[in-house]
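Here's the structure, in structure tokens; my notes come after.
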């Protein structure tokens, strides 16, 4: 057996018993996945996943960054290749290095998928690499393992993908048209037309104009184009926007200043301070639009993208070489909050890669401003210890009700149930400690476990 | 029952048993409250607290900030109103939102007061809101619940309030004159005449001159005026000063530079760097005065005051919208420490709202400089998890003896016994873990529990 | 008894049982000490340690900084004196203040040495100060307590000291020549000829030229001289370099820029930004040399040296008044990493005094770049809580295999076995929790305990 029934629960028997009981109440609740990076095309096309390496290694930057850190070549893993040519070879490298994942969340997610989906009960290793490959590969060729079948089996109530405003959303449209009853919706992520350093930014602005019939070369037209794009997403079920900036800077410029800044940005001559200022202003503009159209705003700051120039140039974006940086919220968010922070009909969900902000800035902010909520432990911190630190450092100041449940934020579809299971277990472990220490009564903990798993995420994301 | 006898102790039975035994030794020790924001007038006038809402909701920014964060209107809570007109309505809103406080220290404090003082044993809710209101309201009208009676019942040995140098201290004088034997003393907080951005700063400087007969328009006169004001406080039992600055910056200017800077500040034309520099210099000046008059210095930096402009303008200061910020100590304190850090007869107690400074800067500084001590976990961190992190991150480098016991720092009088009880329990829980892990022997833990509760605070604050 | 058999293990019986079993497997493994500040001369000369005060108090800044922080005079402790004149008096001060070390790692280290080496089983105090002094003093005069005998008894497989490039290494040479079979090697620490603010920098550069026959007044000659010095160290068993900078800044200048900067540095007219830039460039130069000669690089940034000017001027360097500061890695290391971070044949071991970097920057960097590894919890964080935080915050992102075992980094020779014992116990306690929470299987934990104690350090340091 790869998975123990009591995994992630406290080892102290009394607290463990409480955790078990709490978990029993939420284990089978439907999964709400309001933020992530799976592909709508998988479900629209419903083609089999080609092989175990393409499924488990190639899309998962957590997996191949660890292998790379220990000297495995990204070429040998065929990272970035359009098709994995030698999946068995890739799989063997992965299997023979499986010990590297000891103590990491990847190991928990992978073991969950191996056992729960593929019935594998023996730890992956160089020895059983081929056998495991064959088991998985064979199953992937069966109808039960087609994307839609996997989706249905996974207890997903709703799944959100993340798309550019320029995306035609044809896969989302196709899903709607197909009559398949699964709820898969897009989130609106305008980075490509907001971040002047994004590859193809100028073309993106032009394309946005074409798609919306607005003159995106002027400020008002640009804003109108974004409004229209948001509504187009909303018509396909979208309930949220997402903003991935280097910092959490916001600005609240006068209209003429903003228009002038936009002109400067379009000229291609803006300096880096202006580029940042423009992104900062666009958070405030998007907040304003959210007040109009009701979309929930997510801010995901603090990743230094493509830190490793060699890897970026050779293998592209999202290849495991984004590194977190210190992130200030208290000053950075002030312009936006002084404009819209007191709005009860606005929801802005804050994330961080800088855990020092939890107790110092984020919990105090979310425990005060009506418009703010805190997203769950994110990315490198989406792990048992990371989630536990989040609850320990956030709850006392922000309470539970200013948080929004769990996000898996994954590119690896099969890890979704695994990740939600880890989150549920850790939340139950945290609540169990509060109960065992008589800081919370058990009936309250049961109610909270349900909220943390299901209630809060539905409410915050309007899903 | 709202309170379990073993609350906040570790759930592991062996450690819990040790914690119980340690706590039994300190549970009934007198309370020393060396820093807080209760009103001397309550005790001088000894009028009944008007009603439950005025007692529990209106003065407690922890309480109403949480309600506000979830969309409750501050107007509906009558925050900032001179008199609460509809206390039962305010109480009902509070009671029906009591679940928001799950997992927060407010919940622990409130339940303690409800049960220990008012005999309420059922969790507050919308259902029992009126019944609880009536129970509390009726008791508040009895002689046993007058402020002095509550004080006497609370086992307080000494209580410090915090006052401006401009305060006439008539309530403190009246308390002395009344012959009532309780020890209530003021702490000297010069922010209004040190922070040039404080509302009414210029008038304050003038008033300080009038009160002391010094020419506060020149540097020497200003310093003399402060010296006299300190002595006036000292004559009424004051043993400490308190300094609430945005940063921990200190300076050690030559006398003529300081005099020139002061002139610039008085002119009203100082820029923000000069305003900060003046506050920095004043920390060093106050340290110099402390060497003369023996007052203990407290530095409380790192709060971004009135972050929410709308709330500040409409409801005033201290309305739950102060937000912590990153705070540097290693560079900021250097000028002061190089001047006075090696003085054995000086005590400077450092606080922080930035927990990252505990292990990185504060414990290393306090574990070296004779003049430094560390204040307890403060404000947002005055909570079970916050206090535990404090002990875990501070003790190994600073030891126990460079800390100064507990501060409740509260505006909510009835929370004082509750807060001290939480602190005692957490300290005992921490010590119990050290004993259970054989890092400390039990006799030492008993001695330390007494020090952390009673001995260190009396010594550090000279109380 | 000062030491409990189960010290530092979790108190929960199931986890404790697992920890015991893991520890049993690593308890007697040889000690690899790849980084520290003991003196080769002790072993070359093999003279008895003079007395208990000279052995335990005088060299240990952890010990005397704590005493100083509580008002003990450094003069009374004879800190910085070439010979301790009144060791019994120093010892009595130390003994009568032994309670100050409660809860600190110093207490664990000292008790270990007292009991394990000197057979003392009673807690040190004012009462038994003389008796303990006499026991230790008497033993120090016996052949069994000569430095070489102590070394042999301590189960050390290899011990590294840290030396300047200017050091003649005659003690190391003498050790080799003596035929004594112990393995004691130097580490190459070029700070004195890289940090332009180091006392005697200019003379050092000249001396380096004399020693190597290179013209160190020009850039190429300077680099060649360093290369030769590294090889001289390597010939005596050195496998690593060490770099103690104020920040983690690195640079990758073009050759002519670097040469020009070097000229500027030599001129004595460089400003502080240039001094930092030069150190930054020298990290990259040393990385380049490591690729040639195979020496492993250690970077120890983030200490504000000699924070207390009075103590520095009167007692000198390394007197307990270095204070950690916030340290950025994500931007600072980028130039070096973009140059050499993808090299599989290079090992750079990163340390920090800023724990906030563990989960935010260091683990993400080490979990990606092939050239990076993470050093253990360092200095103020080399403590039970500090080591546990390290494992908790590092493991999930960097895994175990991007770490390098334990460093004692000590000046106090007798604390070496004590410190390694603490590290082994904490690692076993951490692994035991993972096993008890079913996040790792027990066979894996045994394998990892061996790696964390012995395997990883030998591999990373090539020892």
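The values are calculated or read from the model by the stated rules, or taken from the named source; none is laboratory data. The structure presented is a predicted model; accordingly, all values stated were derived computationally and were not measured. When we count neighbours, we look across all protein chains shown, and the Cβ atoms used for this are built from the backbone with ideal geometry, even at glycine.
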- Task: Only one of these is under 30 Å from residue B:233 (Cβ atoms), more than 23 Å from the chain's Cα centre (by Cα) and not in a helix (DSSP H, G or I): B:59, B:48, B:10. Name it.
- Result: B:48
- Query: Taking only pairs six or more apart or across chains, which ones have beta-carbon atoms under 6 Å, a first residue in the stretch B:200-223 that is surrounded by fewer than 20 Cβ atoms within 10 Å (Cβ to Cβ), and a second residue that is outside any helix (DSSP H, G or I)?
  - Reply: B:207/B:166; B:209/B:216; B:221/B:214; B:221/B:215
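Hey, could you check the stretch C:370-385 for residues that are more than 14 Å from chain B (Cβ to nearest Cβ) and part of a loop (DSSP other than H, G, I, E, B) and say which is farthest from the chain's Cα centre (by Cα)?
Filtering first and then ranking leaves C:370.
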- When only residues in the stretch A:295-310 that are under 30 Å from residue A:462 (Cα atoms) and facing another protein chain (nearest Cβ under 10 Å) count, which is surrounded by the most Cβ atoms within 10 Å (Cβ to Cβ)? A:302
- Look through the stretch A:1-26, keep the residues that are away from chain C (no Cβ under 14 Å) and touching a helix residue (DSSP H, G or I) at 6+ places or on another chain (Cβ under 7 Å), and return whichever of them is nearest to residue A:243 (Cα to Cα). A:26
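Quick one: would you say residue C:116 is free of Cβ contacts under 8 Å to residues at least 24 places away in the same chain, surrounded by fewer than 20 Cβ atoms within 10 Å (Cβ to Cβ) and more than 24 Å from residue C:461 (Cβ to Cβ)?
No: the conditions fail for residue C:116.
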- Message: Of the conditions (1) in contact with a helix residue (DSSP H, G or I) (Cβ under 9 Å, 6 or more places away or on another chain); (2) within 11 Å of chain A (Cβ to nearest Cβ); (3) surrounded by 22 or more Cβ atoms within 10 Å (Cβ to Cβ), residue C:361 satisfies every one except a single condition; which number is it?
- Response: (1)
- Message: What's the number of the only condition in (1) modelled with pLDDT of 95 or more; (2) out of contact with any strand residue (DSSP E or B) (no Cβ under 7 Å at 6 or more places or on another chain); (3) over 27 Å from residue B:302 (Cα atoms) that residue A:316 fails to meet?
- Response: (1)
- Message: I need every pair where a residue in the stretch A:325-338 that is facing chain B (nearest Cβ under 7 Å) has its Cβ under 6 Å from the Cβ of a residue that is outside any loop (DSSP other than H, G, I, E, B), sequence separation at least 6 or different chains.
- Response: A:330/A:361; A:330/B:304; A:330/B:323; A:338/B:309
- Note on the structure: Taking the stretch B:176-199 and keeping only residues that are in a loop (DSSP other than H, G, I, E, B) and either outside the structural domain of residue B:303 (by TED's automatic domain parsing) or at pLDDT 95 or above (or both), one is left with B:180, B:182, B:183, B:189, B:190, B:194, B:195, B:196
- Query: Could you say whether any residue in the stretch A:58-66 is away from every other protein chain (no Cβ under 13 Å) and more than 19 Å from residue C:365 (Cα to Cα)?
  - Reply: yes
- Message: Need the failing condition index for residue A:28 against (1) surrounded by 18 or more Cβ atoms within 10 Å (Cβ to Cβ); (2) in a loop (DSSP other than H, G, I, E, B); (3) within 25 Å of the chain's Cα centre (by Cα), just the number.
- Response: (1)
- In this structure, is residue A:415 surrounded by 24 or more Cβ atoms within 10 Å (Cβ to Cβ), over 25 Å from residue A:12 (Cβ atoms) and more than 9 Å from chain B (Cβ to nearest Cβ)? yes
- Would you check if there is a residue in the stretch B:248-270 being part of a loop (DSSP other than H, G, I, E, B), modelled with pLDDT of 95 or more, closer than 26 Å to residue A:361 by Cβ and touching a helix residue (DSSP H, G or I) at 6+ places or on another chain (Cβ under 7 Å)? yes
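A quick yes/no check of all residues on (1) within 14 Å of chain C (Cβ to nearest Cβ); (2) at pLDDT 95 or above; (3) part of a strand (DSSP E or B):
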{"position": "A:113", "(1), (2), (3)": "no, yes, no"}
{"position": "A:121", "(1), (2), (3)": "yes, yes, no"}
{"position": "A:133", "(1), (2), (3)": "no, yes, no"}
{"position": "A:144", "(1), (2), (3)": "no, yes, no"}
{"position": "A:160", "(1), (2), (3)": "no, yes, yes"}
{"position": "A:167", "(1), (2), (3)": "no, yes, no"}
{"position": "A:174", "(1), (2), (3)": "no, yes, no"}
- Query: Of everything in the stretch A:333-352 that's more than 11 Å from residue B:323 (Cβ to Cβ) and under 22 Å from the mean Cα position of the chain (by Cα), which residue is surrounded by the most Cβ atoms within 10 Å (Cβ to Cβ)?
  - Reply: A:348
- Query: Among B:279, B:298, which is the only one that is at pLDDT 95 or above, assigned to a strand (DSSP E or B) and in contact with a strand residue (DSSP E or B) (Cβ under 9 Å, 6 or more places away or on another chain)?
  - Reply: B:298
- Query: Residues in the stretch B:63-86 that are touching a residue at least 40 places away in the same chain (Cβ under 8 Å) and outside any loop (DSSP other than H, G, I, E, B): how many?
  - Reply: 5
- Quick check: anything in the stretch B:386-405 within 13 Å of chain A (Cβ to nearest Cβ), over 30 Å from residue A:341 (Cα atoms), surrounded by fewer than 22 Cβ atoms within 10 Å (Cβ to Cβ) and in contact (Cβ under 8 Å) with a residue 40 or more places away in the chain? yes
- Answer yes or no: is there a residue in the stretch C:95-103 that is at negative phi, surrounded by 18 or more Cβ atoms within 10 Å (Cβ to Cβ) and touching a residue at least 40 places away in the same chain (Cβ under 8 Å). no
- Message: If I ask for residues that are in contact (Cβ under 8 Å) with a residue 60 or more places away in the chain, crowded, with 20+ Cβ neighbours inside 10 Å and not in a helix (DSSP H, G or I), which ones from the stretch C:311-324 would you list?
- Response: C:319, C:320, C:321
- Query: Restricting the first residue to the stretch A:429-458 and requiring it to be more than 9 Å from chain B (Cβ to nearest Cβ) and assigned to a helix (DSSP H, G or I), which pairs with a second residue that is at pLDDT below 95 and surrounded by fewer than 22 Cβ atoms within 10 Å (Cβ to Cβ) meet a Cβ separation below 6 Å and a spacing of at least six or different chains?
  - Reply: none
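Would you confirm, using the coordinates I've provided, whether residue C:274 is in the same structural domain as residue C:381 (by TED's automatic domain parsing), in a helix (DSSP H, G or I) and surrounded by fewer than 15 Cβ atoms within 10 Å (Cβ to Cβ)? Walk me through it before giving the result.
Working: in the same structural domain as residue C:381 (by TED's automatic domain parsing): yes; in a helix (DSSP H, G or I): yes; surrounded by fewer than 15 Cβ atoms within 10 Å (Cβ to Cβ): yes.
Yes; evaluated as a whole, the condition is true for this residue.
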